[in-house]
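The values are calculated or read from the model by the stated rules, or taken from the named source; none is laboratory data. Computed from a predicted structure; not experimentally measured. We place every Cβ from the backbone using ideal geometry, glycine too, and count neighbours over all the protein chains shown. Note: areas computed on protein heavy atoms with side chains; ligands, DNA, RNA excluded. Shrake-Rupley method; radii C 1.70, N 1.55, O 1.52, S 1.80 Å.
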Amino acid sequence: MPSRPDALISTDIDLAVERLRAGGLVAIPTETVYGLAADATDADAVARIFEVKGRPTGHPLIVHLASETWESSAPTWATEVPAAGTALAETCWPGPLTLLLPRGPAVIDAVVGGRRTVGIRVPSHPVAHDLLRRFGGGLAAPSANPFGLVSPTTAAHVADDLAERLDPERDLILDGGASEVGVESTIVDVTVDPPQILRAGAITADEIERLLAGVVAPASGPSRASGMLASHYAPTCEIELVTDRARALATADDRRAEGRRVEVLDRTDDLVVAAQRLYDDLRAADRAGVDVLVVVEPQPEGLGHAIRDRLTKAAANRPDPTSRAD
Ligand code: TXA
Ligand code: MG
């Protein structure tokens, strides 16, 4: 008898398309993290995403499209694409960028929680892109993790988290290897002037300002993207952030002296690898039964912003489950 995860994991893109067309859920590999996808126009399938994740329905989902689909049907997904959106889409799509645009007629309430904007992304992962092209429509997909917990960057992560909640007869985990970027897409709201970055990602604020030849507003104000909430991406172990390796070793000694099981995580020598491995590192600490993971934070520049953002949220106290996100 195959175990449940084995029954769910596959590399068969045609089967994935079939399952999506029949209203099933398919966990899809993307270059950022794995997403839990459903046909964006199928209200029942979209409702199941929220159920399986345990995510409150007010938190909107990103709609994923193939380049061809975006080119041929943009007006059905977004009523207007402001000039800043066009400039960013031309350079960054396919890739780890989500644009907030005024919602078009194909966007159902369940996807955006009744909002007037929709997040659109054209992923570059070849398996995701191929799947989207064959599917032909839009796929609504949040990160494929239970609400508030660590995002997945491999098919095995998704199976660890969701196998019990998925149906091997209806759903699928499409295996496309480990995600290359490792942190979620940069989200830019281009419906406001100047455009505002709602979530830091691999496409940095500097890069966006350069592409737009103008300033962008940093993430601030009331939490419009749930990823902006204080607690997020949270492992079971406690995360303690420090500024350098010497402090990490000293802190680790202190915690060990308190009788706690401690590990140190320092990938500041290579931020691309740090981002790629971040969620697996957090998951590995939990698997190893670590009580406290002492993490050296990268400098706040380039990709360091996105990593610091995820680490800060992973380290935040989370006594109240309503303060968690995605
Ligand atoms: O890289 C990614 O963006 C991954 C992959 C799977 O594409 N997806 C992802 O989705 O991270 P999710 O749902 O875990 O995070 C999307 C964030 C959430 O914080 C959500 O609230 C916000 O984007 N968001 C989506 N649509 C929005 C909208 N219309 N207005 C405001 N925030 C929005
Ligand atoms: Mg998420």
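Okay, here's what the table says:
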| read-out | value |
| --- | --- |
| Test result for residue 227, at pLDDT below 95 and more than 15 Å from ligand 1 (Cβ to nearest atom) | no |
| Selected residue [modelled with pLDDT under 95 and hydroxyl-bearing (Ser, Thr, Tyr)] from 79, 91, 98, 57 | 57 |
| Selection status of residue 208, of a type in the set (Val, Ile, Thr) and in a helix (DSSP H, G or I) | yes |
| Meets criteria (over 16 Å from the mean Cα position of the chain (by Cα), buried (at least 22 other Cβ atoms within 10 Å of the Cβ) and either at pLDDT 95 or above or within 16 Å of ligand 2 (Cβ to nearest atom) (or both)) for residue 159 | yes |
| Of residues in region 288-320 being out of contact with any helix residue (DSSP H, G or I) (no Cβ under 9 Å at 6 or more places or on another chain) and not in a loop (DSSP other than H, G, I, E, B), the one surrounded by the most Cβ atoms within 10 Å (Cβ to Cβ) | 315 |
| Count of region 120-155 residues which are open to solvent by less than 10 Å² (accessible area, probe 1.4 Å), farther than 20 Å from residue 20 by Cα and either away from ligand 2 (no atom under 13 Å from the Cβ) or not in a loop (DSSP other than H, G, I, E, B) (or both) | 0 |
| Qualifying residue in region 259-271 (condition: more than 16 Å from ligand 2 (Cβ to nearest atom), open to solvent by 80 Å² or more (accessible area, probe 1.4 Å) and part of a helix (DSSP H, G or I)) | no |
| Residue that is farthest from ligand 2 (Cβ to nearest atom) [pool: residues in region 72-119 that are among the basic types (Lys, Arg) and closer than 19 Å to residue 185 by Cβ] | 103 |
| Matching option when the condition is of a type outside the set (Asp, Glu), in contact (Cβ under 8 Å) with a residue 40 or more places away in the chain, more than 14 Å from ligand 1 (Cβ to nearest atom) and open to solvent by 30 Å² or more (accessible area, probe 1.4 Å), among 105, 168, 82, 75 | 168 |
| Complete set of residues in region 241-250 that are surrounded by 18 or more Cβ atoms within 10 Å (Cβ to Cβ) and assigned to a helix (DSSP H, G or I) | 248 |
| Number of the condition not met by residue 99 [criteria: (1) open to solvent by 40 Å² or more (accessible area, probe 1.4 Å); (2) within 13 Å of ligand 1 (Cβ to nearest atom); (3) touching a residue at least 60 places away in the same chain (Cβ under 8 Å)] | (1) |
| When residues of region 172-193 are limited to those that are within 11 Å of the chain's Cα centre (by Cα) and not in a loop (DSSP other than H, G, I, E, B), the one surrounded by the most Cβ atoms within 10 Å (Cβ to Cβ) | 186 |
